[in-house]
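Peer 1: Below you will find the structure I want to go over with you.
The values are calculated or read from the model by the stated rules, or taken from the named source; none is laboratory data. These figures come from a predicted structure and were not determined experimentally. Here the Cβ positions follow ideal geometry from the backbone for every residue, glycine too, while neighbour counts run over all protein chains shown. When the accessible area is computed, the model is the full protein with side chains, heavy atoms only, and any ligands, DNA or RNA have been set aside. Shrake-Rupley method; radii C 1.70, N 1.55, O 1.52, S 1.80 Å.
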Amino acid sequence: MDRSGAWPSAFCYRVLWALNLKSLKYEYLEEDLANKTDLLLQYNPVYKKVPVLVHGGKPISESLVILEYIEETWPQNPLLPQDPYDRAMARFWAKFGDDKDSEEPSFMAIFIIVGEEQEKAAKEAKEQLKILEEQALGEKKFFCGNRIGLTDIALGWIAGWLDVIEEAAGLNLLEAESFLRLHAWIQRFKEVPGIKEQLPDRHEMLIYYKQKREMFIAS
Amino acid sequence: MAGNGDGVTLLGYWASPYALRVIWALKLKEVHYEYREEHLPDKSPMLLQYNPVHKKIPVLVHKGKPLAESLVIIEYIDEVWKHNPLLPQDPYHRAKARFWAKFADEKCVPAMFRAFSKVGEEQVQAAKELRENLKTLESALEGKQYFGGETIGFLDIAVGWIGCWARMNEEVAGVNMIDAEMIPLLSVWFQKFLELPIIKECLPPQDKLLAHTKEFHKMLMMAALT
């Protein structure tokens, strides 16, 4: 089984985390997104994007679709609860982070906006984070309950990427005093074996996102 | 007020394709449910209580517990009522079905909406994009009768509504969306799917939908001018 990924894509990390949590062996192929390989174009002709999981020669793309595939193919260390309602809620919240309102920029794009638009986007982002903290996480240890699950993996960008993006964009969205529970979850998430060893280097990420932001602002 | 005990309640809107595909899932599974019409744009207290996050229909309430997001709801229905499975058994085929449903929702539907709501060059581009994306979707049929194989399944009910809405939208907006020459297989599939009795009987009344579509288009055109 091999995986095509491009650092530091949060979507690729979702798949890596799931594979690690299930103790699965895989081969990792790094893609240069500026120079896509024929293999990637062959395996994901529709979107030409990473991540792509190839298992038994068959490719699967779209990170959440890949996560469900991994869960169904390797049932050990389940990432989804048993109960259908809880599973549905896990899926609902996993999607919540991704769904883009066509009018508003998605979370990850916040760092490329400036001025008034950024203020508006920041306010929206904080509201979304509030919803996640109060309704999705609540008093639980992880989004999926007592153990890490699919929703936690899907929202893992909050743990590894958000603070870097905030710093690169000069924003403070996830204030510690206002988001006690999310901050506690971030600490817990980063300590989970399988996640801990697979977090992108913060320093390198900061350089990357700062550069990207400058590029966008300049254009 | 909290749904019908152990039963199933669906909060929907007659002109919503997202509610429709949940109805199709319930019908295929022969699930008895109570239907509650939301009189949009007004939202009932029940809707706001059951979907506080997105405040949208469809919402399925089962044993008092609400669920939102139509594809999440359809997967839930498939897991709770196991007969007449909607998703295939094999994980790889399940992944493909989910992939294409997502593709249709994220690539075809917004293009269709833009082709419907924009004018001029923007409209032309959007319609072109829609036709190309439908061509891409057609490849997922892989020569089968339905996306689900010999019988309809998850992907058929996830995307089948597009055939009905696109035909109406193209008539009202005056731009070609379903190009039968470009997508011969998909066109045949749209037709066959929408003619199936269990599917057809749930469609909103076509004359009412056409009037509603014309009304909506008028509003959008006026808003575009101001």
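Peer 1: What GluC sites (Glu not before Pro) in region B:112-144 are in a loop by DSSP, with at most 16 other Cβ atoms within 10 Å of the Cβ?
Peer 2: On the way: sites: B:GLU121, B:GLU122, B:GLU129, B:GLU132, B:GLU138, B:GLU142; in loops: B:GLU142.
Taking region B:112-144 and a limit of 16 other Cβ atoms within 10 Å, the loop GluC sites (Glu not before Pro) found are B:GLU142.
Peer 1: How would A:HIS55, B:HIS62, B:HIS32, A:HIS203 rank on accessible area, largest to smallest, probe 1.4 Å?
Peer 2: Numbers: A:HIS55 55, B:HIS62 15, B:HIS32 170, A:HIS203 130 Å².
Largest accessible area first, the list is B:HIS32, A:HIS203, A:HIS55, B:HIS62.
Peer 1: Put A:ASP83, B:ASP78, B:ASP6 in order of accessible area, largest first, 1.4 Å probe: what do you get?
Peer 2: Details: A:ASP83 65, B:ASP78 20, B:ASP6 115 Å².
Ranking A:ASP83, B:ASP78, B:ASP6 by accessible area, largest first, yields B:ASP6, A:ASP83, B:ASP78.
Peer 1: Continuing with the same structure: What is the Cα centroid distance between region A:118-168 and region A:1-68, reported in whole angstrom?
Peer 2: That distance is 23 Å.
Peer 1: Highest first, please rank the peptides A:179-188, A:56-65 by the mean number of other Cβ atoms sitting within 10 Å of their residues. If you can, show how the numbers build up before the last one.
Peer 2: Working: A:179-188: 16.4, A:56-65: 18.8.
Result, highest mean first: A:56-65, A:179-188.
Peer 1: From the square roots a ≥ b ≥ c of the eigenvalues of the alpha-carbon gyration tensor of region B:164-226, which class results: rounded (a/c under 1.5), prolate (a/b over b/c), or oblate?
Peer 2: Numbers: a/c = 4.25, a/b = 1.50, b/c = 2.84.
Oblate, because a/c is 1.5 or more while a/b does not exceed b/c.
Peer 1: Would you mind telling me the share, in percent, of accessible area of region B:80-226 contributed by carbon and sulfur at probe 1.4 angstrom? Could the numbers behind the result be given before it?
Peer 2: Numbers: 4210 of 7240 Å².
Looking at region B:80-226 in its full context, I get 58 percent from C and S.
Peer 1: If the limit is 26 Å between Cα atoms, which of B:LYS27/B:LYS65; B:LYS27/B:LYS208; B:LYS102/B:LYS218; B:LYS56/B:LYS107; A:LYS48/B:LYS218 go over it? Write down the numbers at each step before the final one.
Peer 2: Working: B:LYS27/B:LYS65 20 Å; B:LYS27/B:LYS208 22 Å; B:LYS102/B:LYS218 29 Å; B:LYS56/B:LYS107 21 Å; A:LYS48/B:LYS218 38 Å.
With Cα atoms farther than 26 Å apart: B:LYS102/B:LYS218; A:LYS48/B:LYS218.
Peer 1: Suppose we keep just the DSSP beta bridges with both residues in the protein assembly as shown; what percent of those would be antiparallel, to 5? Write down the numbers at each step before the final one.
Peer 2: Details: 17 of 26 bridges.
Restricted to the protein assembly as shown, the bridges split so that about 65 percent are antiparallel.
Peer 1: Assuming a ≥ b ≥ c are the square roots of the Cα gyration tensor eigenvalues, decide whether region A:61-219 counts as rounded (a/c under 1.5), prolate (otherwise, with a/b larger than b/c) or oblate.
Peer 2: The shape class here is prolate.
Peer 1: Could you work out the mean count of beta carbons from other protein chains within 10 Å of each residue's beta carbon in A:86-98?
Peer 2: Values: counts 1, 4, 14, 6, 1, 7, 8, 2, 1, 4, 3, 0, 1.
The shielding value for this peptide is 4.
Peer 1: Give me the summed buried accessible area for the B-A pair, 1.4 Å probe, to the nearest 100 Å².
Peer 2: Working: alone 11700 and 11720 Å², together 21020 Å².
So the buried area, both faces added, is about 2400 Å².
Peer 1: For chain A, with the dipole built from +1 on Lys and Arg beta-carbon atoms and -1 on Asp and Glu ones, taken about the Cα centre, which of A:HIS183, A:VAL52, A:GLY170 lies farthest toward the positive end?
Peer 2: The one lying farthest along the dipole's positive direction is A:VAL52.
Peer 1: In terms of the ratio Rg/(2.2 N^0.38 Å) built on C-alpha atoms, what value belongs to the protein assembly as shown? Display every interim value, and only then the final one.
Peer 2: Values: Rg = 22.2 Å, N = 445, 2.2 N^0.38 = 22.3 Å.
So the Cα radius of gyration is 0.99 times the expected 2.2 N^0.38 Å.
Peer 1: Taking a probe of 1.4 Å, how large is the accessible area per residue of the protein assembly as shown, in Å²? Provide the component values of the computation, followed by the final result.
Peer 2: Details: 21020 Å² over 445 residues.
Each residue of the protein assembly as shown exposes 47 Å² on average to a 1.4 Å probe.
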